[in-house]
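Novice: I have a structure here, written as structure tokens, and I will follow up with some questions on it.
The values are calculated or read from the model by the stated rules, or taken from the named source; none is laboratory data. Since this is a predicted model, take the numbers as computed values, not measurements. Reconstructed Cβ throughout: ideal geometry from the backbone, glycine too, with neighbour counts over all protein chains shown.
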Amino acid sequence: MDLSFRRATMEDIPLLARMNKELIEDERSRNPMNMDELVARMTRWLEDHYHAVIMERGEEVVGYILYRTVDDEYFPYHSNIHVRQYFVTRSSRRRGIGQRAFEQIVGEYFPEGCAITLDVLERNPEGKQFWMKLGFTVYHTTLRREGSDDEQEAYPPR
């Protein structure tokens, strides 16, 4: 299973937006954005300090990662990477590709010894298990109170 990686370019934005739409569906996100809005958002992110790496196996795109370097409040001399999105295509899951790809990306694209942070939605226990298998631990919990009953009904818990 040979994986290759390449930095995404602006030409890849439609591809990234399509995969982002699948990610939104798979993690049961509340995000209501349509494709045009996802393209516009991805464009803004890539223009503003985010980096995307596309994962490929042969000619097949199997996923991507979107990340940026952020300042560490307590240790400003340490690198801290925030992973905004990590997606492996549905047909490539449960084969070890996601784990292997992540470790290779860390080794090839992230500064050595950097801290890595990411968020996992509570509606996505599979995602949480995946990251914990890679050595991540719970550091912070964000709580949310919805403003209207309509939003609660639109996104019922599992």
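Novice: Could you count how many residues in the stretch 33-60 are among the aliphatic types (A, V, I, L, M), out of contact with any helix residue (DSSP H, G or I) (no Cβ under 7 Å at 6 or more places or on another chain) and either at pLDDT below 95 or under 22 Å from ALA101 (Cβ atoms) (or both)?
Specialist: Qualifying residue count, the stretch 33-60: 0.
Novice: Taking the stretch 104-131, which residues are farther than 25 Å from ILE24 by Cβ and either touching a helix residue (DSSP H, G or I) at 6+ places or on another chain (Cβ under 6 Å) or surrounded by fewer than 13 Cβ atoms within 10 Å (Cβ to Cβ) (or both)?
Specialist: Scanning the stretch 104-131 gives GLY107, GLU108, PRO111, GLU112, GLY113.
Novice: Another question about this same structure. Yes or no: HIS78 surrounded by fewer than 15 Cβ atoms within 10 Å (Cβ to Cβ), without any contact (Cβ under 8 Å) to a residue 40 or more places away in the chain and touching a strand residue (DSSP E or B) at 6+ places or on another chain (Cβ under 8 Å)?
Specialist: When the stated conditions are applied, HIS78 passes them.
Novice: Right, here's the next one. Exactly one of (1) at positive phi; (2) without any contact (Cβ under 8 Å) to a residue 24 or more places away in the chain; (3) in contact with a Phe, Trp or Tyr (Cβ under 9 Å, 6 or more places away or on another chain) is unmet by HIS49. Its number?
Specialist: Checking HIS49 against (1) at positive phi; (2) without any contact (Cβ under 8 Å) to a residue 24 or more places away in the chain; (3) in contact with a Phe, Trp or Tyr (Cβ under 9 Å, 6 or more places away or on another chain), the one that fails is (3).
Novice: Could you figure out which of (1) touching a residue at least 24 places away in the same chain (Cβ under 8 Å); (2) surrounded by fewer than 18 Cβ atoms within 10 Å (Cβ to Cβ); (3) farther than 21 Å from ARG123 by Cα isn't true of ARG44?
Specialist: Here ARG44 clears every test but (1).
Table: residues versus (1) basic (Lys, Arg); (2) within 23 Å of ALA8 (Cα to Cα).
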{"residue": "SER91", "(1), (2)": "no, yes"}
{"residue": "GLY98", "(1), (2)": "no, yes"}
{"residue": "ARG123", "(1), (2)": "yes, no"}
{"residue": "GLY135", "(1), (2)": "no, no"}
{"residue": "ARG145", "(1), (2)": "yes, no"}
